[in-house]
1. Quick one: what pairs do we get from region 299-322, first residue over 20 Å from N195 (Cβ atoms), second surrounded by fewer than 16 Cβ atoms within 10 Å (Cβ to Cβ), C-beta under 7 Å, 6+ apart or different chains?
2. Specify the residue that is farthest from A256 (Cα to Cα); the eligible residues are those in region 8-41 that are surrounded by 10 or more Cβ atoms within 10 Å (Cβ to Cβ) and either in contact with a helix residue (DSSP H, G or I) (Cβ under 6 Å, 6 or more places away or on another chain) or in the same structural domain as G57 (by TED's automatic domain parsing) (or both).
3. Could you check region 321-333 and list, in sequence order, the residues that are surrounded by 21 or more Cβ atoms within 10 Å (Cβ to Cβ) and either outside any helix (DSSP H, G or I) or outside the structural domain of R374 (by TED's automatic domain parsing) (or both)?
4. From the list R328, R311, pick out the single residue that is charged (D, E, K, R) and within 18 Å of A275 (Cα to Cα).
5. Can you find a residue in region 140-158 that is buried (at least 18 other Cβ atoms within 10 Å of the Cβ), under 23 Å from G348 (Cα atoms), touching a Pro at 6+ places or on another chain (Cβ under 7 Å) and of a type in the set (D, E)?
6. Being outside the structural domain of F163 (by TED's automatic domain parsing), modelled with pLDDT of 95 or more and within 30 Å of H210 (Cα to Cα) is true for just one of G336, G365, G343. Which residue is that?
7. I need every pair where a residue in region 180-208 that is closer than 16 Å to A314 by Cβ and among the basic types (K, R) has its Cβ under 8 Å from the Cβ of a residue that is part of a loop (DSSP other than H, G, I, E, B) and modelled with pLDDT under 95, sequence separation at least 6 or different chains.
8. Residues P164, P178, P146: which one is modelled with pLDDT of 95 or more, in a loop (DSSP other than H, G, I, E, B), in the same structural domain as T64 (by TED's automatic domain parsing) and within 23 Å of A239 (Cα to Cα)?
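The values are calculated or read from the model by the stated rules, or taken from the named source; none is laboratory data. Note that this is a predicted model, so its numbers are computed, not measured. Methodologically, a virtual Cβ is constructed for each residue, glycine included, from the backbone with ideal geometry; neighbour enumeration extends over all protein chains shown.
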Amino acid sequence: MSQEEDIRTQLIHHDYRAPDTFESPAVGVHKAATVFFPTVADLRSRRWVDRSAYTYGLHGTPTTFTLEARLATLEGARHVILAPSGLSALTVVNMSLLRSGDVVLLPDNVYGPSKDFAQHELAQWGIAYRLYDPMQPQSLREALSPEVKLVWTEAPGSVTLEFPDLPELVRCVREHAPQAKVALDNTWGAGLAFNAFELGQGLGVDLTVHALTKYPSGGGDVLMGSIACRDPALYETLAWTHSRLGLGVGANDAEALLRSLPSMALRYAAQDASARRIAHWAAEQGAPIRRVLHPALPGSPGHEHWAALCRSAAGLLTLEFDPALPARRVDAFVDGLKRFRIGWSWGGPFSLAVPYRAGAMREMGTAYEGVLVRLCIGLEHTDDLIADLAAGLDALRAA
């Protein structure tokens with residue numbers, strides 16, 4: 001560096017570079033909008049889509065490429081794309097694979113914002129949606145047609161936690177609508193409960209979407225989503241749509257995920273064990289609890305499908321209350337809990353409780369008559385959570 005240059009220039013163009021032999025447990029945090037190229041030829045020839053080079057911050061840095069690679073291993077995939085949230089990842093899939101005149105199929109117990117997107121944005125673009133009953137494969141078969149280009153699945157369903165015969169749903173699509181892609185919202189399974197790309201007998205979904213906000217983050221403080229797949233052509237279709245939408249994630253958020261991933265399996269197992277214990281306890285309490293919904297609990301809808309496919313379960317369970325109990329009293333039960341906070345999302349160290357009106361959530365009829373309370377089990381001691389729920393139920397019975 002020339003000492004004749006002004007200090008402002010010297011500081012911007014300083015020639016010191018740290019040696020590349022440094023290694024530590026933490027992945028380096030690379031922040032970039034601009035990425036430098038050594039030559040014009042290099043600028044023109046670099047290809048970011050196959051993750052072989054860096055071109056611009058939105059297209060990835062060593063930090064985000066590392067996170068994508070580790071998430072691909074987690075999901076059993078070959079390619080991963082990061083998005084600012086789980087919902088934005090769902091949106092990228094819809095916008096990549098659907099065109100005017102197409103039809104997308106949604107399970108009746110689908111994540112609510114996913115149906116909202118179909119009812120509003122997709123509808124105004126000339127894309128129709130149909131619902132099917134995920135617990136009845138025949139319902140899916142009857143909904144399939146040549147216009148169907150995308151079938152969404154959830155295992156288990158949102159809030160009510162029915163676990164479908166996922167391999168059979170995939171088989172239905174392969175046999176009756178081979179033109180359609182099968183997508184799974186894999187946030188609950190988190191890549192740990194089962195491998196969505198290997199469901200047995202040569203069956204697997206085409207892609208998964210994962211709200212990394214939940215278990216991979218583990219802190220309730222990071223918004224991020226991912227799309228995972230194995231097919232290179234499908235990946236490029238998704239990646240180019242993602243690029244044209246200008247979506248990206250912050251380096252510090254990627255760093256937080258990379259730091260949390262090594263403990264994810266331990267946290268998932270702990271929350272799984274606690275949720276199962278609480279589910280069994282709640283099932284023994286009787287009135288005013290009518291039913292406990294948890295895939296690993298015998299008698300819960302789809303328990304046999306969960307048992308055939310899964311190694312573990314997540315930290316979610318739902319209490320269905322007696323339909324004769326007024327909703328305001330169930331709300332008061334939730335308000336009165338001391339160790340369950342009220343808030344959306346799950347997967348963090350804190351437990352959450354949210355009431356739902358089941359009748360307003362389904363279009364194909366519902367087997368749930370009472371108010372539902374979804375419990376998201378955190379990392380508190382299980383005995384303390386049970387004591388909190390027991391006190392709340394005592395107060396509810398006495399009211």
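1. Close Cβ pairs (under 7 Å, with a partner that is surrounded by fewer than 16 Cβ atoms within 10 Å (Cβ to Cβ)) amount to D322/A287.
2. The extreme case among them is F37.
3. Scanning region 321-333 gives a single hit, F321.
4. R311
5. Yes, because at least one residue in region 140-158 is buried (at least 18 other Cβ atoms within 10 Å of the Cβ), under 23 Å from G348 (Cα atoms), touching a Pro at 6+ places or on another chain (Cβ under 7 Å) and of a type in the set (D, E).
6. Step by step, each of G336, G365, G343 is checked, and only G343 is outside the structural domain of F163 (by TED's automatic domain parsing), modelled with pLDDT of 95 or more and within 30 Å of H210 (Cα to Cα).
7. Filtered contacts from region 180-208: no entries.
8. Unique residue meeting the criteria: P178.
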